[in-house]
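Beneath this line is the structure, given in structure tokens, with notes to follow.
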Amino acid sequence: MNADKKSKRQLRREQMNKQSARNRLIVGGIITLVAAFFLYAILRPILAPIADVVAVEFRERYKAEGNSMGNPDAKIQITEYSDFQCPFCKRHYLEVEPLLEQYYIDTDKVFFTYRSAGNFVSQGGGGGNTESEDAAEAAYCAADQGKFWQMHDALFQNNRDVENQGSFFPRRLSEIAAVAGLDVNQYQDCFDSGKYKDRVRQDQTDATSAGLQGTPYFVVTYTVNGETKTSIVNGAQPFSEFQVTLEAILNEIGAQ
């Protein structure tokens, strides 16, 4: 009788152990599925097909050199602090920049330089903005191949208009470099080395010193009677706003 009772206790214990093991397997499976879901959500933008990278029709820039265009001896210099993810910067690029080129840059009145302020958000306390920084580095790497403005155009035209959601992950930047006509291997070596990280940070430092509040931000400098003067155009203003500023400066310079 005692042996029978002991046998039943053992059987019950074994059943309980099996049930406990099954429960652990179920819980472990659920945890694994949840972890896989979150991992997929993180990696999906990186690993997803990148067929949405579009070919770009590039504008030839007058006397383009690196991230500048126009006559270096022009009486007026404009430095744009911008961000390839910024929708207002994209609007300026599409609507206003061609007119600035036509009427002021191509006519030797303005020397224009594009600089990055894509890490404005991260340094301003609003959270990280790594994709903007990466895009800025990619553009400077393109300049090593004499294709800064091609990459500039390709980045803006392949901006998905939603910040930090995969427009400029490194893998996608490589595809954008390809449509911009770069030697991708040479580009990748440059980008992977972090060659221009310090330059992007310096852009931000200089932008902050110039009074940057947001992007795009334009610093206009010129000289009158040996005195260097500065004017600011803040934000994605219409071409007429630039016209008023530049014509006033040209009149002032002409009054020397």
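With the requirement that a residue be of a type in the set (A, V, I, L, M, F, W, C), out of contact with any Asp or Glu (no Cβ under 7 Å at 6 or more places or on another chain) and closer than 12 Å to D108 by Cβ, what does region 63-77 give you? Show your work before the answer.
Kept after step one, since they are of a type in the set (A, V, I, L, M, F, W, C), are these residues of region 63-77: 64, 69, 74, 76.
Right, trim to out of contact with any Asp or Glu (no Cβ under 7 Å at 6 or more places or on another chain) and you get 64, 69, 76.
Selection gives M69, I76.
Would it be correct to say that L250 is surrounded by 17 or more Cβ atoms within 10 Å (Cβ to Cβ) and not in a loop (DSSP other than H, G, I, E, B)? Spell out how you get there, then give the answer.
Values: surrounded by 17 or more Cβ atoms within 10 Å (Cβ to Cβ): no; not in a loop (DSSP other than H, G, I, E, B): yes.
It is false that L250 is surrounded by 17 or more Cβ atoms within 10 Å (Cβ to Cβ) and not in a loop (DSSP other than H, G, I, E, B).
Evaluation of Y217 against the conditions (1) at negative phi; (2) out of contact with any strand residue (DSSP E or B) (no Cβ under 8 Å at 6 or more places or on another chain) shows that the sole unmet condition is (2).
The set of residues in region 157-178 that are surrounded by fewer than 22 Cβ atoms within 10 Å (Cβ to Cβ) and modelled with pLDDT of 95 or more comprises S174, E175, A178.
Annotation: of all residues in region 58-70 being part of a loop (DSSP other than H, G, I, E, B) and either free of Cβ contacts under 8 Å to residues at least 12 places away in the same chain or of a type in the set (S, T, N, Q) (or both), the one that is surrounded by the fewest Cβ atoms within 10 Å (Cβ to Cβ) is E60.
Residues are listed down the side, and each one gets a yes or a no for (1) at pLDDT 95 or above; (2) of a type outside the set (A, V, I, L, M, F, W, C); (3) in the same structural domain as A236 (by TED's automatic domain parsing); (4) buried (at least 21 other Cβ atoms within 10 Å of the Cβ):
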position: I76; (1), (2), (3), (4): yes, no, yes, yes
position: Y81; (1), (2), (3), (4): yes, yes, yes, yes
position: P87; (1), (2), (3), (4): no, yes, yes, no
position: D108; (1), (2), (3), (4): yes, yes, yes, no
position: F111; (1), (2), (3), (4): yes, no, yes, yes
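Output the residue which, of all residues in region 212-234 that are under 22 Å from T130 (Cα atoms) and assigned to a loop (DSSP other than H, G, I, E, B), is modelled with the lowest pLDDT. Top of the filtered list is Q213.
I'd like to know if region 222-232 contains one or more residues that are among the hydrophobic types (A, V, I, L, M, F, W, C), in contact (Cβ under 8 Å) with a residue 40 or more places away in the chain and in the same structural domain as V96 (by TED's automatic domain parsing).
Taking region 222-232 as the starting set, the residues that turn out to be among the hydrophobic types (A, V, I, L, M, F, W, C) are 224, 232.
Adding the requirement that they be in contact (Cβ under 8 Å) with a residue 40 or more places away in the chain leaves none.
The answer is no, given that none of the residues of region 222-232 is among the hydrophobic types (A, V, I, L, M, F, W, C), in contact (Cβ under 8 Å) with a residue 40 or more places away in the chain and in the same structural domain as V96 (by TED's automatic domain parsing).
Regarding R201, is this residue touching an Asp or Glu at 6+ places or on another chain (Cβ under 7 Å) and either at pLDDT 95 or above or not in a loop (DSSP other than H, G, I, E, B) (or both)?
Answer is no for this residue.
Condition test on Q145, is it over 22 Å from K63 (Cβ atoms) and surrounded by fewer than 21 Cβ atoms within 10 Å (Cβ to Cβ)? No; evaluated as a whole, the condition is false for this residue.
Test T205 against the stated conditions and say whether it is free of Cβ contacts under 8 Å to residues at least 12 places away in the same chain, out of contact with any Cys (no Cβ under 7 Å at 6 or more places or on another chain) and farther than 23 Å from D144 by Cα. So T205 fails the test.
With respect to the stated conditions, A21 fails to be modelled with pLDDT under 95, in contact with a helix residue (DSSP H, G or I) (Cβ under 6 Å, 6 or more places away or on another chain) and surrounded by 10 or more Cβ atoms within 10 Å (Cβ to Cβ).
The values are calculated or read from the model by the stated rules, or taken from the named source; none is laboratory data. Worth saying up front: this structure is predicted, and the values here are computed from it rather than measured. Please note: Cβ atoms are built from the backbone with ideal geometry, for glycine as well, and neighbour counts cover all protein chains shown.
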